[in-house]
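Enquirer: I'd like to ask you about the structure that follows.
The values are calculated or read from the model by the stated rules, or taken from the named source; none is laboratory data. Just so it is clear, the structure is predicted and the values come from calculations on it, not from any experiment. Cβ atoms come from the backbone with ideal geometry, glycine included; neighbour counts cover every protein chain shown. Note: areas computed on protein heavy atoms with side chains; ligands, DNA, RNA excluded. Shrake-Rupley method; radii C 1.70, N 1.55, O 1.52, S 1.80 Å.
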Amino acid sequence: MTARIKVKQALENGRPGQELLVKGWVRSVRTGKGVTFVALNDGSCQSGIQVVIEPDLPNFDEVSRMGTGSAVAVHGLLQASPAAGQAMELKARQVQIVGDADQEYPMQKKRHSFEYLRTIAHLRVRSNTFGAVFRVRSALAQEVHRFFAERGFLYVHTPIITANDCEGAGELFRVTTLDLANPPRVGGRIDFGEDFFGRATGLTVSGQLEGEIFAQAFSDIYTFGPTFRAENSNTSRHAAEFWMIEPEMAFADLSDDADLAEAFLKRLCTFALNSCDEDMQFFNAQIDKGLIGRIEAVATATFARMTYTEAIERLKKAAVSFQYPVEWGLDLQSEHERYLTEQVVGGPVFVTGYPKGIKAFYMRMNDDNRTVAAMDLLVPKVGEIIGGSQREERLDRLTGRMAETGIDPESLSWYLDTRRWGSTPHAGFGLGFERLIMYLTGMENIRDVIPFPRTPKHAEF
């Protein structure tokens, strides 16, 4: 019995006259001059394979009438194709309709808007665009692990349910088993002491703080997992559930952090270009005409570095009008970040030394007592893609910053313990995986690079 072979393998390694069994889903059925042509795709590659079905097939009439979207198994002979745009096709000897699809199948057309496809996220993965997106996503996820494994980093599974809010923004999804209709109360407030964990808990916004614990034992670690933010935002760059890559290094400063971030982004750019070539060519042709050139430029660039103060000075001298004000002490907006990377530097740039008032409590205070050892990596077209910092390893400075920002030291006593016993200079960064995929594919909405997007009022699956 012939074993099934994936379409990608058949096209890359097959030879004319080879007998094959392929299985997949019908993208289109076209009949002419007594011959039926079926475009078959099994998700293994962008192109799919053309199946030629002639009238001598026993179930020719049934097969000719099958609908777009049907699942089929095709046994046949591989042969050179006379048609343009394809080297090989499969001449069918036997076709089995595994699962038929009727005329109500909602993807009859070749092109649908992304807005429409989001309404059928359970089927959009069968389209060319989303097939390419999720093949690239899968390949990049595996490359992330290879990158850190080659450098001796420990992979840590940090908790999804947590009692701390790493960013201090209060945007946690609450996790509770209490009766929401009648929760226990003390002094008018909900008594979380009666809850499952005996305290208020939520879904994590970051694995960084727990990652720091492991870095103080294993030196170099990284996390790569889902994070959550209950931010009522409907922009193209925000989702309530997203994946974060967060390395943490002991005995490291901000410069070490930037070096790792640069090597990491270059590696992923190079990998996408070299190992996802067919899908990247698709994105370059159909989604973003300048995509490959832009990614190649980042992969080979030397990343510039400038301080936040210098960035503000450059922006104030800019011969353009910005929508948002430019003043020392204010955070940079996307328009500012893009101007710096596209017009001032002409390539990727690290901006460092941000005012302490706009950064998190855990970032190391610089000697000027005004700025912290933070960095943002800016790249053309999108602006910030990586954010990181050297962490504050000095106990007195850390508790002082917690007091300034209104964080109760007792709530993070375990975190402070890492500064009491064997503290080291350490640093890390965070890279939103969906933001990375958007950058490398040219897709402009985060909802289109995550399998099942979670946004306000949307959680169908």
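Enquirer: How many residues are in contact (Cβ under 8 Å) with a residue 40 or more places away in the chain and buried (at least 24 other Cβ atoms within 10 Å of the Cβ) when one looks only at segment 381-395?
Expert: 5
Enquirer: For segment 181-208, which positions are touching a Pro at 6+ places or on another chain (Cβ under 7 Å) and either surrounded by 14 or more Cβ atoms within 10 Å (Cβ to Cβ) or within 21 Å of Thr223 (Cβ to Cβ) (or both)?
Expert: Residues satisfying the conditions are Ile190, Glu194, Thr204.
Enquirer: Something else now. Could you grab me the full set of residues in segment 427-461 that are assigned to a helix (DSSP H, G or I) and closer than 23 Å to Glu143 by Cβ?
Expert: Selection gives Phe433, Glu434, Arg435, Leu436, Ile437, Met438, Tyr439, Leu440, Thr441, Ile446, Asp448.
Enquirer: For a quick check of your reading of the model, give me the residue pairs whose first member lies in segment 446-461 and is open to solvent by less than 30 Å² (accessible area, probe 1.4 Å), whose second is not in a loop (DSSP other than H, G, I, E, B), with beta-carbon atoms closer than 6 Å and at least 6 apart or on different chains.
Expert: Ile446/Glu434; Asp448/Phe114; Val449/Val133; Val449/Glu434; Val449/Ile437; Val449/Met438; Ile450/Glu434; Pro453/Arg447
Enquirer: Conditions first: (1) among the acidic types (Asp, Glu); (2) touching a His at 6+ places or on another chain (Cβ under 8 Å); (3) under 15 Å from Ile97 (Cβ atoms). Asp61 passes all but one, so which condition is the exception?
Expert: Condition not satisfied by Asp61: (2).
Enquirer: Is it the case, given these coordinates, that Ala318 is open to solvent by less than 60 Å² (accessible area, probe 1.4 Å), of a type outside the set (Phe, Trp, Tyr) and over 23 Å from Phe433 (Cα atoms)?
Expert: yes
Enquirer: Suppose we filter segment 1-25 for residues that are open to solvent by less than 10 Å² (accessible area, probe 1.4 Å) and over 29 Å from the mean Cα position of the chain (by Cα); how many remain?
Expert: 3
Enquirer: For segment 229-236, does any single residue satisfy the condition of being surrounded by fewer than 22 Cβ atoms within 10 Å (Cβ to Cβ) and touching a Leu at 6+ places or on another chain (Cβ under 9 Å)?
Expert: yes
Enquirer: Do any helices (runs of 4 or more DSSP H) lying entirely in segment 268-336 carry at least 2 residues that are among the basic types (Lys, Arg), and which ones are they?
Expert: Here the list reads 308-316.
Enquirer: Same structure again: Would you mention how many residues in segment 346-361 are assigned to a helix (DSSP H, G or I) and touching a Leu at 6+ places or on another chain (Cβ under 8 Å)?
Expert: Adding up the residues that qualify gives 1.
Enquirer: Does segment 218-227 contain at least one residue that is within 27 Å of Cys269 (Cα to Cα) and of a type in the set (D, E, K, R)?
Expert: Within segment 218-227, one or more residues are within 27 Å of Cys269 (Cα to Cα) and of a type in the set (D, E, K, R).
Enquirer: Can I ask one more? Only one residue in Thr158, Thr162 is touching a Ser or Thr at 6+ places or on another chain (Cβ under 9 Å), hydroxyl-bearing (Ser, Thr, Tyr) and at pLDDT below 95. Which one?
Expert: Thr162 is the lone residue from the list that is touching a Ser or Thr at 6+ places or on another chain (Cβ under 9 Å), hydroxyl-bearing (Ser, Thr, Tyr) and at pLDDT below 95.
Enquirer: Give the residue that is least open to solvent (accessible area, probe 1.4 Å), with candidates limited to residues of segment 415-442 that are without any contact (Cβ under 8 Å) to a residue 60 or more places away in the chain and either touching a Pro at 6+ places or on another chain (Cβ under 8 Å) or aromatic (Phe, Trp, Tyr) (or both).
Expert: For segment 415-442, the residue satisfying everything is Leu416.
Enquirer: Follow-up question, since we're still on this one. From the list Asp220, Asp256, which residue is within 27 Å of Leu140 (Cα to Cα), out of contact with any Phe, Trp or Tyr (no Cβ under 9 Å at 6 or more places or on another chain), modelled with pLDDT of 95 or more and of a type outside the set (Val, Ile, Thr)?
Expert: That would be Asp256, the only listed residue that is within 27 Å of Leu140 (Cα to Cα), out of contact with any Phe, Trp or Tyr (no Cβ under 9 Å at 6 or more places or on another chain), modelled with pLDDT of 95 or more and of a type outside the set (Val, Ile, Thr).
Enquirer: Assess whether Glu171 counts as being modelled with pLDDT of 95 or more, outside any strand (DSSP E or B) and either under 29 Å from Met363 (Cβ atoms) or open to solvent by 50 Å² or more (accessible area, probe 1.4 Å) (or both).
Expert: no
Enquirer: Cβ-Cβ under 6 Å, sequence separation 6+ or interchain: first residue in segment 252-269 and touching a residue at least 60 places away in the same chain (Cβ under 8 Å), partner open to solvent by 50 Å² or more (accessible area, probe 1.4 Å). Which pairs?
Expert: Asp253/Pro425
Enquirer: Taking segment 288-301 on its own, how many of its residues are surrounded by fewer than 16 Cβ atoms within 10 Å (Cβ to Cβ) and either farther than 19 Å from Asn445 by Cβ or aliphatic (A, V, I, L, M) (or both)?
Expert: So the count comes out to 3.
Enquirer: Only residues in segment 142-162 that are more than 15 Å from Phe433 (Cα to Cα) and polar (S, T, N, Q) count as the first member; pair them with residues that are at pLDDT 95 or above and open to solvent by 20 Å² or more (accessible area, probe 1.4 Å), Cβ under 7 angstrom, at least 6 apart or cross-chain, and list the lot.
Expert: Qualifying pairs under 7 Å: Thr158/Glu210.
Enquirer: Please specify each residue of segment 171-224 satisfying the condition of being aliphatic (A, V, I, L, M) and touching a residue at least 12 places away in the same chain (Cβ under 8 Å).
Expert: Listed by number, the residues that qualify are Leu172, Val175, Leu178, Ile190, Ala200, Leu203, Val205, Leu209, Ile213, Ala215, Ile221.
Enquirer: Identify all residues within segment 217-228 that are surrounded by fewer than 20 Cβ atoms within 10 Å (Cβ to Cβ) and of a type in the set (S, T, N, Q); write none if there are none.
Expert: Selection gives Ser219 alone.
Enquirer: Hey, another quick one. For the structure I just gave you, tell me whether Gly353 is open to solvent by less than 50 Å² (accessible area, probe 1.4 Å), at positive phi and modelled with pLDDT under 95.
Expert: no
Enquirer: Any idea how many residues of segment 84-122 are under 21 Å from Gln286 (Cβ atoms), of a type in the set (Gly, Ala, Ser) and loosely packed, with under 12 Cβ neighbours inside 10 Å?
Expert: Matching residues across segment 84-122 total 3.
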